[in-house]
Amino acid sequence: WSCKQIKNYFPGVKTGYRYLRKDNSSSFQSYMTYCDMDTDGGGWTLVIKGTLDKTYMNSLHKTINDSRGFMMSFTRVPYRDLLVKYGDYKSATRFVWWKSIGTGYTNMQQEIDTRGYQHNTGPRYTRSSSYGSSSMRGVSETVGLSYKKGYSYRYYTAHFFVVGYSGWSSCCDYYYQHCRSVSNCFSVSLGYLSGSSYYSFSDPAWKSWTWTTSCSYAGYYHTSTGNCQSNGAIFIR
């Protein structure tokens, strides 16, 4: 199940917490997530709250009550559209979304595994300027989306799940920190790493890497000042 399925069956359902089945088995095990039933027609399932909690695999087991890293929907809910909120996942008024970037049959984990990473190039997906709250339309930092981003200029760096400026080669110079989340470059990075072996995402080991998630390295960013905040969320439908 997903929040979109709930919305389809019960069109009048309200935004709020819902229990979803963990899988299609007969065990009927469930977990709690949050459904946005209002934004752009609703049906959005919360897929991650805040940034990663040290490692990707560690985050997969977080519950919605954890302060960050809740990702239980990440490996369970198929999707087509993706929504990013800047601020509290329940009350944020600044948000952007991408339409028809998923297959509708695969979840986030499967998409990341099969679509690979971006390396020294622009984002994999671009966003229509009309897809978002009025305060975010036309904001350059939210033009593109890449699930895994590697950059090898001068210092090797890696970002997990990046929302950023489409021309981000202009965001980096001789210092690796200038490839981090700064104004007019990255507006969301769920995790950041630097080191000679990190930028390529060459094997599944990235799932166990210990990602840096402190502000100025990773987080959600105010689009005009670049100020960091750990508050934010990603939804899918």
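The values are calculated or read from the model by the stated rules, or taken from the named source; none is laboratory data. If you're wondering where the values come from, they're calculated on a predicted model, not measured in any experiment. Note: ideal-geometry Cβ built from the backbone for every residue, glycine included; neighbour counts use all protein chains shown. Note: accessible area is taken over every heavy atom of the protein model, side chains too, but ligands, DNA and RNA are not part of it. Shrake-Rupley method; radii C 1.70, N 1.55, O 1.52, S 1.80 Å.
May I ask you to list the residues in the stretch 90-112 that are closer than 16 Å to MET136 by Cβ and either open to solvent by less than 30 Å² (accessible area, probe 1.4 Å) or among the acidic types (Asp, Glu) (or both)?
Correct list: ALA92, VAL96, TRP97, TRP98.
Evaluate the stretch 28-40: report whether one residue or more is touching a residue at least 12 places away in the same chain (Cβ under 8 Å), farther than 17 Å from MET108 by Cβ, touching a Leu at 6+ places or on another chain (Cβ under 9 Å) and open to solvent by less than 40 Å² (accessible area, probe 1.4 Å).
Checking the stretch 28-40: at least one residue is touching a residue at least 12 places away in the same chain (Cβ under 8 Å), farther than 17 Å from MET108 by Cβ, touching a Leu at 6+ places or on another chain (Cβ under 9 Å) and open to solvent by less than 40 Å² (accessible area, probe 1.4 Å).
Can you run down the residue pairs with Cβ atoms below 7 Å, 6 or more apart or on separate chains, where the first is in the stretch 130-145 and on the phi > 0 side of the Ramachandran plot and the partner is of a type in the set (A, V, I, L, M, F, W, C) and surrounded by 17 or more Cβ atoms within 10 Å (Cβ to Cβ)?
Hits for this filter: GLY132/PHE95; GLY132/VAL96; GLY132/TRP97.
Which ones in the stretch 30-68 are in a loop (DSSP other than H, G, I, E, B) and among the acidic types (Asp, Glu)?
ASP38, ASP66, listed by residue number.
State all residues of the stretch 113-146 that are within 22 Å of TYR56 (Cβ to Cβ), open to solvent by less than 10 Å² (accessible area, probe 1.4 Å) and hydroxyl-bearing (Ser, Thr, Tyr); if no residue qualifies, say none.
Passing the criteria: only SER146.
Among the residues that make up the stretch 112-121, is at least one of them on the phi > 0 side of the Ramachandran plot and assigned to a loop (DSSP other than H, G, I, E, B)?
Yes, some residue in the stretch 112-121 is on the phi > 0 side of the Ramachandran plot and assigned to a loop (DSSP other than H, G, I, E, B).
Name, by its number, the condition in (1) part of a loop (DSSP other than H, G, I, E, B); (2) under 24 Å from LYS4 (Cα atoms); (3) of a type outside the set (Asp, Glu) that does not hold for GLY138.
(2)
Counting only residues that are farther than 18 Å from TYR117 by Cβ and either at pLDDT below 80 or surrounded by fewer than 16 Cβ atoms within 10 Å (Cβ to Cβ) (or both), how many does the stretch 184-209 have?
The total comes to 1.
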